[in-house]
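Engineer: One structure, pasted below without further comment.
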Amino acid sequence: MKIFVSTGEVSGDLHLSYLVKEAKQLDSTVQFYGVAGKHSEKAGVTIIQDIDELALMGFVEAIKKYSYLKNKAKEYLEFIKKENIKKVIMVDYGGFNLKFLQMLKNEIKDIEVFFYIPPKLWIWGEKRITKLKRADHIMVIFPWEVDFYKKHGVKVEYYGNPFTERYKKIDRSEDKILLLPGSRKQEIKSLMPHFLEIVNKNKNKKYLLKLSSKEHLKWIDEDLTKYKNLEVSYDLSLETAVAKSKIAIAASGTVTLELALMGIPTIVVYKTSAINYFIAKHILKVGFVSLPNLTLNEEVFPELLQNKCVVSEIEKTINILLKDLRSVNKNIERIREKLSGVDITKKYAEFLLKGK
């Protein structure tokens, strides 16, 4: 059996890698090809397009790359036809994958498409559900999505969130503040000046900056060695970084859920360009943005977004969080309970291999 995969971001690549690994354990003959990253490649995907070349953030950036992505979709389509692949799994990356889904269904009548971790339609607009309905199967990883799709007459598969199987609560013995500025250029360039100002103002506190790649240093304008209370790492695993820290400050994204499942209280920060924020504020239905808060529908992790993402607010929130750790820790435990299941990844993999 040959399966084509399509994802576009690190978080999707991570989820896809778990699924691929599990599927290969169930059936060693299955072959995966497609658009993915290093995690999926390690799990056994033959890469025809590395996602590092596709990284986008925001509306303006997406518009600039529209023609490029459209041409790429045509290339993938030809590959699928040439290899006679009849099964495709799409993971997240809705802006591209919904269009790709339409192209697939128009061009190959007997193609079977699985959409794993569909776009956040409760944020981006429910009318896009008509596009998503063209997928043969929709597999979700959050419990509230089941009710959302049921309301629209769409059956989905839900077994729990795979991250609950990957991330366990970690004992933390050190007192560093963990800084996670994200993995995209725009995130790092917008957040690092704030992080470094906090480090410089609080020389009596210890900070750990975790970058996902040494290459990301080129997006930071300052010499980090001058900050004596700052440890910088690109090699530490997230688990090790958490073990060395008492709280975290993280760019909004999938990492906030990973941090919650590891049991570390976190402040969620995010800052984007004025035009992206204007569009988001007026078009998207946004309440909470971080997955831990969405899971419980309450603000477990403080969210400092856009105009609130300033040094004074971050410092104030650090102090508030440190005074209320017991309450935050109780809510973190509730997040794991809400998302747990039995043999979660195995069940998604079995569903993928079985299909129609």
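The values are calculated or read from the model by the stated rules, or taken from the named source; none is laboratory data. Since the model is a prediction, treat every value here as computed from it, not as a measurement. So basically every Cβ, Gly included, is an ideal-geometry build from the backbone, and we count neighbours across all protein chains shown. The protein model used for the area step is the full one, side chains on, heavy atoms only, and it has no ligands, DNA or RNA in it. Shrake-Rupley method; radii C 1.70, N 1.55, O 1.52, S 1.80 Å.
Engineer: Using the heavy atoms of the protein chains alone and a 1.4 angstrom probe, what is the accessible area of the chain per residue in square angstrom?
Structural biologist: Per-residue accessible area for the chain comes out at 47 Å².
Engineer: Using the Karplus curve 6.51 cos²θ - 1.76 cosθ + 1.60 with θ = phi - 60°, work out ³J(HN,Hα) for each residue of the range 309-322 in order, rounded to whole Hz, and write x for Gly and Pro.
Structural biologist: Rounded to whole hertz, the list is 7, 9, 4, 4, 5, 5, 4, 4, 5, 4, 5, 5, 5, 5.
Engineer: Rounded to a whole number, what % of the accessible area of the chain do carbon and sulfur atoms account for, probe 1.4 Å? Please report the intermediate quantities before stating the final value.
Structural biologist: Working: 8490 of 16840 Å².
Carbon-and-sulfur percentage of accessible area, whole number: 50.
Engineer: Same structure again: Taking square-rooted eigenvalues a ≥ b ≥ c of the alpha carbon gyration tensor, is the range 292-333 rounded, prolate or oblate, where a/c under 1.5 means rounded and, failing that, a/b exceeding b/c means prolate?
Structural biologist: Numbers: a/c = 4.31, a/b = 1.37, b/c = 3.14.
Oblate, because a/c is 1.5 or more while a/b does not exceed b/c.
Engineer: Just from its helices, what would the mean residue ellipticity at 222 nm be for the chain, if runs of 4 or more DSSP H residues each count -39500 (n - 2.57) and the sum is divided by every residue, rounded to the nearest 500 deg cm²/dmol?
Structural biologist: Numbers: 17 runs with 167 residues, N = 356.
Taking each H run of at least 4 residues, the total per residue is -13500 deg cm²/dmol.
Engineer: Using unit Cβ charges (K, R positive; D, E negative) and no other charged atoms, how large, in debye to the nearest 20, is the dipole of the chain about its Cα centre?
Structural biologist: Charge dipole, the chain, about its Cα centre: 540 debye, nearest 20.
Engineer: Next question. With bins 5 Å wide starting at 0, give me the P(r) of the range 194-249 over every alpha carbon pair, in whole percents.
Structural biologist: Each 5 Å bin holds this share of Cα pairs: 4, 17, 30, 26, 19, 4.
Engineer: Which residue, chosen from Ala135, Ala349, Ser327, occupies the Cα position most advanced towards the positive end of the dipole of the chain, where the dipole is computed from +1 (Lys, Arg) and -1 (Asp, Glu) charges on Cβ about the Cα centre?
Structural biologist: Ala135
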